[in-house]
Amino acid sequence: MRAYFKFEFIQFMFNKKNIAVYVILLFFACFYALKIAPAYDPIEKVDREEIEARFLTREDFLNNVVLDENTYPLTRFAAAIYPEWNEYDKQRLDALAAGDMKKYAEATFNWYVYSDNMIFRNGKDILYYNSRYYTAGNLYATEDGHYAYMYSASRFDGYAKGDSNLSINVFEERTALQTLQRLLHSYLPLILLISCILFAADIVLKDKKNPSLIKGFPISVWRSLLVKGGVALTGSILTVIPLAVGFVIIAIRNGIGDLNLPVPVFSYKTKAFTTISMGEYLFQNALLILFWFFMLISLLLLVSIIVKNEFANLVAGCVVVFAEYYYYVRGLGYVKDIHWYPSSYVQVGQIIAGYREYLNNSVALTLKNGLLVMAVCTVICLLLTFIISNHRRYKLL
């Protein structure tokens with residue numbers, strides 16, 4: 001089997017389609033690192049001028065307001081909540097002026113906790129989150145702002161209590177590791193899964209071009225399929241090499257970050273955030289993506305021996321990956337058991353961070369359930385492949 005694996009791997013690496021996939025990934029990584037990443041504009045960022053303007057406006061109000069029995073209730077409300085708010089903003093400004101990132105993180109944690117408490121619990125329809133949450137007719141602007149403020153509070157609390165080297169780039173999540181975290185939270189999983197589909201789509205059917213050469217190997221059909229699956233898995237894992245070029249570019253520009261940086265994780269059960277280290281977060285993402293590779297490759301091996309058509313392989317893989325777009329509605333997990341659908345776990349980073357629990361109102365969209373679903377689907381596909389490939393009337397080509 002070792003000789004056959006080597007033979008298949010060499011064919012895989014010299015396949016023009018596979019080379020094109022790696023080149024496209026390299027182009028994407030460089031383009032992102034050079035053009036998109038530098039233009040990243042976070043909603044929650046370190047803006048000294050914004051903090052100062054907010055502080056001075058409230059301070060001017062507090063210095064000039066006159067409270068008596070005729071004072072409007074909202075004016076009394078503002079006069080009651082502004083002093084503590086300004087205290088935290090003053091601490092943030094002083095910390096920035098002194099270059100004390102630890103104190104800034106601590107003050108910012110307190111600011112987010114207090115702000116969220118005032119806006120979400122006491123100030124609905126009176127106070128608002130950052131205006132950028134209310135764009136494009138967002139019906140869930142308040143909920144999104146609430147989540148973002150809780151997330152930021154958890155993050156800055158982790159910075160204040162941790163031992164990582166802090167900087168503005170860390171606070172704005174611009175370092176290489178934090179950029180990778182943001183990409184895992186968005187479209188990087190889709191890119192990796194589509195690449196896997198492209199690699200596995202013809203791993204079996206390409207042998208039609210050289211049937212006599214393949215038949216020269218003294219190996220059973222089942223073992224041949226396992227080797228082909230292993231080659232496709234290896235090729236899928238190697239996609240990290242071209243993508244790592246973009247990571248290095250970002251690291252040179254903004255710093256690499258720290259594997260001990262806190263990553264907030266939301267729990268729908270407790271309605272609160274906890275934190276895990278960046279290293280643990282990346283490991284869990286890699287584990288779930290690896291299980292995705294297992295499932296997709298086993299599925300495409302099964303389709304290959306049943307339909308024997310590359311286009312059918314592409315369709316089958318894409319249907320599994322993109323199926324969520326056909327049934328997804330925010331909050332659906334509250335009324336439907338979508339945690340049994342493999343496609344519900346495509347957004348790997350959002351699963352690990354608990355964001356999918358928050359969006360779907362579900363306690364079940366977890367890493368544990370995702371690994372379970374992927375493993376069961378993989379076992380079913382491999383079992384069917386084994387049964388079919390070992391049927392005495394079955395021929396691979």
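The values are calculated or read from the model by the stated rules, or taken from the named source; none is laboratory data. In this text, all values refer to a predicted model and were calculated from it rather than measured experimentally. In this analysis, Cβ positions are derived from the backbone assuming ideal geometry, glycine residues included, and neighbour counts consider all displayed protein chains. Just so you know, the surface numbers come from the protein's heavy atoms only, side chains and all, with ligands and any DNA or RNA stripped out. Shrake-Rupley method; radii C 1.70, N 1.55, O 1.52, S 1.80 Å.
I'd like to check something: does the stretch 116-128 contain any residue that is under 25 Å from residue 347 (Cβ atoms), open to solvent by less than 70 Å² (accessible area, probe 1.4 Å) and polar (S, T, N, Q)? The answer is no, given that none of the residues of the stretch 116-128 is under 25 Å from residue 347 (Cβ atoms), open to solvent by less than 70 Å² (accessible area, probe 1.4 Å) and polar (S, T, N, Q). Scanning the stretch 270-282 for residues that are without any contact (Cβ under 8 Å) to a residue 40 or more places away in the chain, part of a helix (DSSP H, G or I) and either open to solvent by less than 40 Å² (accessible area, probe 1.4 Å) or in contact with a helix residue (DSSP H, G or I) (Cβ under 7 Å, 6 or more places away or on another chain) (or both) yields a count of 1. Just a yes or no: is a residue in the stretch 369-389 outside any helix (DSSP H, G or I) and either assigned by TED's automatic domain parsing to the domain that holds residue 151 or open to solvent by 80 Å² or more (accessible area, probe 1.4 Å) (or both)? No, because not a single residue in the stretch 369-389 is outside any helix (DSSP H, G or I) and either assigned by TED's automatic domain parsing to the domain that holds residue 151 or open to solvent by 80 Å² or more (accessible area, probe 1.4 Å) (or both).
Looking at the stretch 30-48, is at least one residue modelled with pLDDT of 95 or more, open to solvent by less than 70 Å² (accessible area, probe 1.4 Å), within 16 Å of residue 242 (Cα to Cα) and hydrophobic (A, V, I, L, M, F, W, C)? Scanning the stretch 30-48 turns up at least one residue that is modelled with pLDDT of 95 or more, open to solvent by less than 70 Å² (accessible area, probe 1.4 Å), within 16 Å of residue 242 (Cα to Cα) and hydrophobic (A, V, I, L, M, F, W, C). Scanning the stretch 353-368 for residues that are assigned to a loop (DSSP other than H, G, I, E, B) and either open to solvent by 20 Å² or more (accessible area, probe 1.4 Å) or under 25 Å from residue 278 (Cβ atoms) (or both) gives 354, 361, 363, 365, 366. Restricting attention to the stretch 84-100, does a residue exist that is more than 21 Å from residue 191 (Cα to Cα), among the acidic types (Asp, Glu) and at pLDDT below 90? No, the stretch 84-100 has no match at all. The residues of the stretch 283-309 that are surrounded by 19 or more Cβ atoms within 10 Å (Cβ to Cβ) and either farther than 19 Å from residue 380 by Cβ or in contact with a His (Cβ under 7 Å, 6 or more places away or on another chain) (or both), listed by number, are 284, 285, 289. Considering every residue within the stretch 88-96, establish whether at least one is open to solvent by 50 Å² or more (accessible area, probe 1.4 Å) and out of contact with any helix residue (DSSP H, G or I) (no Cβ under 8 Å at 6 or more places or on another chain). So far as the stretch 88-96 goes, no, none of its residues is open to solvent by 50 Å² or more (accessible area, probe 1.4 Å) and out of contact with any helix residue (DSSP H, G or I) (no Cβ under 8 Å at 6 or more places or on another chain).
For the stretch 274-292, the condition of being within 20 Å of residue 157 (Cα to Cα), hydroxyl-bearing (Ser, Thr, Tyr), within 22 Å of the chain's Cα centre (by Cα) and at pLDDT below 95 holds for none of the residues. When the test is whether a residue is open to solvent by less than 60 Å² (accessible area, probe 1.4 Å), free of Cβ contacts under 8 Å to residues at least 40 places away in the same chain, closer than 24 Å to residue 118 by Cα and not in a helix (DSSP H, G or I), residue 75 does not pass it. Across the stretch 1-29, the qualifying residues are those that are assigned to a helix (DSSP H, G or I) and among the polar types (S, T, N, Q), and the one among them that is surrounded by the most Cβ atoms within 10 Å (Cβ to Cβ) is 18. Kindly indicate the residue of the stretch 217-244 that is of a type in the set (Val, Ile, Thr) and modelled with pLDDT under 95 and also least open to solvent (accessible area, probe 1.4 Å) among those meeting that condition. So the residue we want is 227.
Which of the residues spanning the stretch 135-151 are assigned to a helix (DSSP H, G or I), over 20 Å from residue 85 (Cβ atoms) and without any contact (Cβ under 8 Å) to a residue 60 or more places away in the chain? Hits for the stretch 135-151 are 141, 143, 144. Whenever a residue of the stretch 246-269 is more than 21 Å from residue 160 (Cα to Cα) and not assigned by TED's automatic domain parsing to the domain that holds residue 159, its partners that are among the aliphatic types (A, V, I, L, M) and open to solvent by less than 40 Å² (accessible area, probe 1.4 Å), lying with C-beta atoms within less than 6 angstrom and at least six residues away or across chains, give the pairs 246/29; 246/33; 247/176; 249/33; 250/33; 250/37; 250/176; 251/176.
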